[in-house]
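What follows is one structure encoded as structure tokens, with my remarks underneath.
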Amino acid sequence: MVKDEVIKYLENHRGQIITGGKLARELKVSRTAIWKAIHALKDEGHDIESLPGSGYVLDPDSDGLSIAEIKKHLNTDFLGREIEVHGSIDSTNSYIKEGGIKHAEGFTVLADRQTAGRGRFGRSFTSPAHEGIYMSFLLKPSIPIDKITLLTVFAAVAVSRAVENVCGITTELKWVNDVFFNGKKLCGILSEAMLSAEVNMVDYAVVGIGINTNKVDKTLHDIATSIYEINQTKGIRNELIAEILNRFENLYLNIAEPSDILEEYSSRLFVIDKLVEAKWGEETLTGTVKGIDDTAALLLQGDDGEISRINSGEIKIKE
Ligand code: BTN
């Protein structure tokens, strides 16, 4: 696509004025094609200034999604090797579930904005343009359904490691799918699986990750934070996406032996030894969090000292 070539060229010349004529000659397309590509790229969130009579310039801090930039930082074998970037889409998870499963394992979809971003339990996930990473990828693991939570655990650990490495921010985890900083949510994860005809085995899974990178919606200020709000880091979406994919693939390849990863996940949980109320379906249970088991199910100790195992649902801290 012309726009992929245009943004690749501008990325390699950040901050420099490039004329439409030069772009057209370099990429062997018409000036009209360049003009259309620039419009599409601006819509996708690239900070490109059009200077009448002189050309186009990509802001050195531009944070637009770019496959070429992601691939510069990507060192995976299969995850993110095939990527689609959309300006606006309903939900990247829904997009893969509804038409993307024919792709090979690792197929990744990104959007600058989601119009119907989804969270767990049918909640919505606010996904305004240019303000976050909204990413989903397709997996075809051969695991029984009761191990599906491991994918969420791997994503939470991958995001934590990547955010630490790229942005210098140390995060904490709330069982089972939230990445937090200082009591506020930075990232949510939604893993969805389709069962195969074989009893209780997963056919394919879609892992969706939503991270607030720039501004947080005013209505969410009390409960959510972003990378920019934490330490003013900006312009990192592409690098952070690649780093999450790198780290996730590495963890996923160890799915048969997840004990070290579960240990790391557990050490990042800020709910250990806290009194919580766990909710799943119509059921609720109050108890103290004692840890997780080898499928990442939560271990809750009730007043009577008995330990209950909770493998899905969510928790609310009571103290
Ligand atoms: C949650 O907080 O309950 C999970 C939020 C998951 C949001 C991500 S954004 C990318 C992907 N597409 C979606 O519709 N949801 C996930």
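Specify the residue that is farthest from the ligand (Cβ to nearest atom); the eligible residues are those in the stretch 127-144 that are among the small types (Gly, Ala, Ser) and modelled with pLDDT of 95 or more. Quick ask: steps written out before the conclusion?
From the stretch 127-144, those among the small types (Gly, Ala, Ser) are 127, 129, 132, 136, 142; that's our starting set.
Applying the additional criterion that residues be modelled with pLDDT of 95 or more yields 127, 132, 136.
Values: Ser127: 6, Gly132: 8, Ser136: 5 Å.
Top of the filtered list is Gly132.
Would you check if Lys147 is within 23 Å of Trp280 (Cβ to Cβ), more than 9 Å from the ligand (Cβ to nearest atom) and among the basic types (Lys, Arg)?
Numbers: within 23 Å of Trp280 (Cβ to Cβ): yes; more than 9 Å from the ligand (Cβ to nearest atom): yes; among the basic types (Lys, Arg): yes.
Spelling it out, Lys147 is indeed within 23 Å of Trp280 (Cβ to Cβ), more than 9 Å from the ligand (Cβ to nearest atom) and among the basic types (Lys, Arg).
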Task: Complete set of residues in the stretch 68-97 that are assigned to a helix (DSSP H, G or I), closer than 22 Å to Ile227 by Cα and touching a helix residue (DSSP H, G or I) at 6+ places or on another chain (Cβ under 6 Å) - done: Glu69, Ile70, His73
Open item on the list: It is to be established whether one or more residues within the stretch 261-274 are part of a strand (DSSP E or B) and either of a type in the set (Ser, Thr, Tyr) or in contact with a strand residue (DSSP E or B) (Cβ under 6 Å, 6 or more places away or on another chain) (or both).
Closed with: yes
Open item on the list: Give me the residue from the stretch 117-126 that is among the small types (Gly, Ala, Ser) and within 6 Å of the ligand (Cβ to nearest atom) and, out of that set, surrounded by the fewest Cβ atoms within 10 Å (Cβ to Cβ).
Closed with: Gly119
TODO: State whether the residues of the stretch 232-255 include one that is among the small types (Gly, Ala, Ser), farther than 15 Å from Leu173 by Cα, surrounded by 15 or more Cβ atoms within 10 Å (Cβ to Cβ) and touching a residue at least 24 places away in the same chain (Cβ under 8 Å).
DONE: yes
- [ ] Could you tell me which residue of the stretch 38-52 is farthest from Glu84 (Cα to Cα), considering only residues that are modelled with pLDDT of 90 or more and assigned to a loop (DSSP other than H, G, I, E, B)?
- [x] Pro52
TODO: Check whether at least one residue in the stretch 98-111 is in contact with a His (Cβ under 6 Å, 6 or more places away or on another chain), within 15 Å of Gly132 (Cβ to Cβ) and within 14 Å of the ligand (Cβ to nearest atom), and report yes or no.
DONE: yes
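The values are calculated or read from the model by the stated rules, or taken from the named source; none is laboratory data. Predicted model only: the values in this text are computed from it and were never measured. Virtual Cβ from ideal backbone geometry, glycine too; neighbours counted across all protein chains shown.
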